[in-house]
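Note sheet for the following structure.
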Amino acid sequence: MTRTATVNYHVHKPYRQAFELDAGGIAGNLISPELASTTVALEDTRATTKTIDFESDAVEFVRLETQVQDFAGDDWIQTYDAELTAMLLDRLGAREVVVFDHTVRVDDPEATRKPSRNVHSDYSKSGAEKRLVDLLGAETAEGWARGHYAFVNVWRPVEHAINSAPLGFVLPSSVDPSDWILIDLIYPNRKGQIMGLVGNPNHKWVYQSKMTPGEVAIFNIYDNHGLPSIAHGALDMVEDPNVTTIRKSIESRILVRY
């Protein structure tokens, strides 16, 4: 089934662009580069016979129930990390898993962390290599880098099924290498780097409609052996105008060693 949504692509510029996060030391304050609002067609994976598979498409939608009922505070982290670790060891055949970051996003103007509405992937090559060292230390990171490692994101709805601003993905097979641009992330205490995606009418967008808290999207954000990073972003669309629940989700960034 084909739907339409609005996304925000990045724009080619003759200079390096950046997001400034928590700008001025204010949590949630974001200064953004120029973005191009664009209407795109997308395919709902619930209504297609085509299989979307992590190994070939860098994203997969699966059922994954959780014992965690409330993602507030810190008491849930150990339980949730264990659930994610067990799933990735089994599903991706990883031999080591390091869950290192969780972000709860709420589609509310007052929220500290809102859905990311720019089309992007979370790490550039240099950004991933730097993050590997930050997480593991230089000596251990060097050992991982000699083998096969990746950064993976696991995204899940929280509390309610997603009715608005679902997460959409651009299939890597439809992306031209020139569509990617480097974008700096400037934090008050560190600097990172992501990949922003520029619009291209050849892009093939997919999403899964009305995802529930018992479902997750697993997607690749960097792989040192060549599995493509997948561009993604919140889709401005509404499934059912009669439903008023606010989109709430949790994304978990995870380092895996194959």
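The values are calculated or read from the model by the stated rules, or taken from the named source; none is laboratory data. Everything numeric in this text was worked out from a predicted model, so none of it was measured. When we count neighbours, we look across all protein chains shown, and the Cβ atoms used for this are built from the backbone with ideal geometry, even at glycine.
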Seminar exercise, completed: Selection over region 75-113 where residues are among the acidic types (Asp, Glu) and more than 24 Å from Trp144 (Cα to Cα) yields a count of 4
Exercise. Restricting the search to region 92-139, which residues are surrounded by 15 or more Cβ atoms within 10 Å (Cβ to Cβ), in contact with a Phe, Trp or Tyr (Cβ under 8 Å, 6 or more places away or on another chain) and among the basic types (Lys, Arg)?
Worked result: Arg131
Problem set entry | Every pair of residues 6+ apart whose Cβ atoms lie under 6 Å, when the first sits in region 63-91 and is within 11 Å of Arg156 (Cβ to Cβ) and touching a residue at least 12 places away in the same chain (Cβ under 8 Å) while the second is polar (S, T, N, Q) and part of a loop (DSSP other than H, G, I, E, B) | Glu83/Thr66
Seminar exercise, completed: Among Thr112, Thr85, the single one that is touching a strand residue (DSSP E or B) at 6+ places or on another chain (Cβ under 9 Å), at negative phi and assigned to a helix (DSSP H, G or I) is Thr85
Exercise. Name the residues in region 201-226 that are farther than 30 Å from Ile246 by Cα and assigned to a loop (DSSP other than H, G, I, E, B), would you?
Worked result: Pro201, Asn202, Asn224, His225, Gly226
Exercise. Does at least one position in region 150-168 carry a residue that is of a type outside the set (Lys, Arg), over 30 Å from Thr245 (Cβ atoms) and not in a helix (DSSP H, G or I)?
Worked result: yes
Problem set entry | Residues of region 231-253 satisfying the condition of being in contact with a Ser or Thr (Cβ under 7 Å, 6 or more places away or on another chain), small (Gly, Ala, Ser) and closer than 18 Å to Val216 by Cβ | Gly233, Ala234
Exercise. Has region 127-147 got at least one residue that is of a type in the set (A, V, I, L, M, F, W, C), outside any loop (DSSP other than H, G, I, E, B), farther than 23 Å from Tyr187 by Cα and touching a strand residue (DSSP E or B) at 6+ places or on another chain (Cβ under 7 Å)?
Worked result: yes
Exercise. Within region 175-188, how many residues turn out to be exposed (fewer than 14 other Cβ atoms within 10 Å of the Cβ) and outside any loop (DSSP other than H, G, I, E, B)?
Worked result: 2
Exercise. Which of the residues spanning region 11-29 are hydrophobic (A, V, I, L, M, F, W, C) and either at pLDDT 95 or above or touching a Lys or Arg at 6+ places or on another chain (Cβ under 8 Å) (or both)?
Worked result: Val11
For this session: Tell me which of these Ser252 doesn't satisfy, since it passes every other one: (1) farther than 19 Å from Val104 by Cα; (2) within 18 Å of the chain's Cα centre (by Cα); (3) modelled with pLDDT of 95 or more.
Result: (1)
